[in-house]
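Here's the structure we're looking at; comments come further down.
The values are calculated or read from the model by the stated rules, or taken from the named source; none is laboratory data. This one's a predicted model, so the numbers in the text were calculated from it and none came from an experiment. Please note: Cβ atoms are built from the backbone with ideal geometry, for glycine as well, and neighbour counts cover all protein chains shown. Surface areas here come from the heavy atoms of the whole protein model, side chains and all, with no ligands, DNA or RNA. Shrake-Rupley method; radii C 1.70, N 1.55, O 1.52, S 1.80 Å.
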Amino acid sequence: MDVLFDFTPVFDNMGDILQAFWAVIRLTVTTGILSLILGTILAGMRVAPVRIFRGAGTLYVNVFRNTPLTLILAFCALGLSDTLHISLSTQSTVNFYWLAVFGLAAYTAAFICEALRSGINTVPLGQAEAARAVGLTFFQSLRLVILPQAFRSVIAPLGSIFIAMTKNTTVVIVASYVESAYIMRQLFEEEGATIPMFLAFAIGFMIITLPMGFFFGWLAKRLAVSR
Amino acid sequence: MTDSGVGPELSKDDSGAQDDIPGGGPLVVLENVNKHFGELHVLQNINLTIHRGEVVVVIGPSGGGKSTLCRSINRLEPIDDGTIMVDGKKLPEEGKDLARLRADVGMVFQSFNLFAHKTILENVTLGPIKVRKLGKQEAEKNAMELLERVGIANQAQKYPAQLSGGQQQRAAIARALAMKPKVMLFDEPTSALDPEMVKEVLDVMTSLAHDGMTMIVVTHEMGFARRAAQKVVFMADGQIVEESTPDEFFTNARTERAKDFLSKILTH
């Protein structure tokens, strides 16, 4: 019983734990930005007037949304790097970091695309017609009129996706060789079974994700488009 | 059918038409235009010529193809066959050419369709800045003049949802005018308005007509047709049934279909 409630390992490893969370935050920010860009491009493709774009977008979403994240990451690490020797950096740690980031971003982008597409569907058809009638091209209408309104209507669901993504960084950490986070992997393996270690990590994630949830909720209210 | 006296007289362009093609020739020409919605033949062999500076009112029963006709002129509705020429050029199929043509054709919708996330001023300046590549300052100066002209300059910083329907529609007219279009299309501009707001919108449209703007107006406002139009086009069941001057049409309609329609709307 004593071992179960002994918090000394948490305090002993505080430096390592903080370092691990720093890795989580870095992964979250880079992956978040990348997946948002990729997801937006995909959503644009899925509503494009050109059939090939629509088809490619649909194919992408269906493949990545229905493939387990661990499989994608394993493919990135083993398939892309070890077998195909695709290298993003000569330094292997940097290489694996970016492969992991791209893997998670590719996965998350499929969900962002679908959330955005449902947002695009909430924008009345008249908005697109008015944009075209003014002489904007398809790309301009999308960028200046449709997407800004679509984003505002899906901020809350996007928030959920980003929170899920934050937690998925652990999968990245466990499934690949991200060195800065290796400590976390070790701690999971060696001390993960203890309640104090579990609590430390659970609380740590809540410290990151709870404010994210509040922030997105606030943003959704603030930017709501009144019609 | 061609009332050539109207064209040259009013064409001296106060309409802001660009001078790429000088004065001559009709501005909008529809030839043998056909359009189907599934089984429904909504536009049947439509032939219509609109001269520079002419105000054409399209009236007729609901579902007769009036709106479709109006929307086909800037290709918001693609047509099945026939040709539509705007200022001597055939309507492009898609892409940049079509966007350029649409910039020259102003459109005012029944439901206003102001960009909900932008202020009134931003609504009016978006096209000039992004399509005409005007500087922000110049675009804003022009926009304020236009908003002044339609009487809502004091609402420039508000969002569309904060305005009344009549104010929104006047803002939408200003947005279309900001592109300095060659022709303006009005698709039932007063049908979604409360009765007391109809007048303020019609007043703006009437003053536009008097300034020589070429206008195609789908409407049920017979008063506006009498006051401002040079030509009335009566459409029913996808066909142009009658085409004449407002005076002649309202006092002496030639076809039974038109007489029947007029008796229904003028007697209540």
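Working out 0.36 nm times the residue gap between A:Asp16 and A:His85, then minus their Cα-Cα distance, what length gain in nm do you get to one decimal? Present the calculation step by step, with values, prior to reporting the outcome.
Working: separation 69, 0.36 × 69 = 24.84 nm, distance 3.14 nm.
Taking 0.36 nm per residue and subtracting the Cα distance, the gain is 21.7 nm.
When the helix-only estimate is applied to chain B (DSSP H runs of n ≥ 4, each -39,500 (n - 2.57), divided by the residue count), what is the mean residue ellipticity at 222 nm, nearest 500 deg cm²/dmol? Provide the component values of the computation, followed by the final result.
Working: 10 runs with 100 residues, N = 268.
Roughly -11000 deg cm²/dmol at 222 nm, from the helical runs in chain B.
Given a 1.4 Å probe and heavy atoms of the protein chains only, how would you sort B:Ser67, A:Ser226, largest accessible area at the top? Intermediate results must be reported in sequence, preceding the final value.
Numbers: B:Ser67 35, A:Ser226 70 Å².
So the residues, ranked largest to smallest area, are A:Ser226, B:Ser67.
So what is the relative contact order for chain B, in percent, with contacts set as C-alpha pairs under 8 Å and at least six apart? List each step's numbers first, then the result.
Numbers: 495 pairs, mean separation 69.2, N = 268.
RCO, chain B: 26 percent.
In degrees between 0 and 90, to the nearest 10, how far off the longest principal axis of chain A does helix A:92-122 point, with axes built from Cα atoms?
The angle comes out near 40 degrees.
What total accessible surface area, summed over both chains, is buried at the interface between chains B and A, computed with a 1.4 Å probe and given in Å² to the nearest 100?
Values: alone 12510 and 12550 Å², together 23220 Å².
In total, chains B and A hide about 1800 Å² from solvent.
Considering only Cα-Cα distances, which of the following residue pairs are longer than 31 Å: A:Lys221/B:Lys199; B:Lys35/B:Lys259; B:Lys199/B:Lys259; B:Lys133/B:Lys158; B:Lys66/B:Lys136; B:Lys89/B:Lys130?
Details: A:Lys221/B:Lys199 37 Å; B:Lys35/B:Lys259 26 Å; B:Lys199/B:Lys259 26 Å; B:Lys133/B:Lys158 24 Å; B:Lys66/B:Lys136 37 Å; B:Lys89/B:Lys130 23 Å.
Table pairs above 31 Å Cα-Cα are A:Lys221/B:Lys199; B:Lys66/B:Lys136.
Got a number for the accessible area of A:Phe214? Probe 1.4 Å, square angstrom, nearest 10.
150 Å²
Taking a probe of 1.4 Å, how large is the accessible area per residue of segment B:37-266, in Å²?
Numbers: 9140 Å² over 230 residues.
Accessible area per residue, segment B:37-266: 40 Å².
Please determine, in degrees from 0 to 90 and to the nearest 10, the orientation of helix B:165-177 with respect to the longest principal axis defined by the Cα atoms of chain B, where the helix direction is its Cα long axis.
Tilt of helix B:165-177: around 80 degrees.
What number results when the radius of gyration of the protein assembly as shown, computed over Cα atoms, is divided by 2.2 N^0.38 Å? Numbers along the way, then the final one.
Details: Rg = 30.3 Å, N = 495, 2.2 N^0.38 = 23.2 Å.
Working it through for the protein assembly as shown, the quotient is 1.30.
With labels modelled as points extended 7 Å from the Cα through the Cβ direction, what inter-label distance (nm, one decimal) is found for B:Glu256 paired with A:Ala156?
Rounded to a tenth, the inter-label distance reads 5.9 nm.
Which angle from 0 to 90°, rounded to the nearest 10, does the C-alpha axis of helix A:195-223 make with the longest principal axis of chain A?
Value to nearest ten degrees: 20.
Please return the longest stretch of chain B lacking exposed loop sites, where GluC sites (Glu not before Pro) count only if DSSP places them in a loop and at most 13 other Cβ atoms lie within 10 Å. It would help to have the intermediate numbers written out before the result.
On the way: sites that count: B:Glu39, B:Glu93, B:Glu94.
Answer from the scan: B:95-268.
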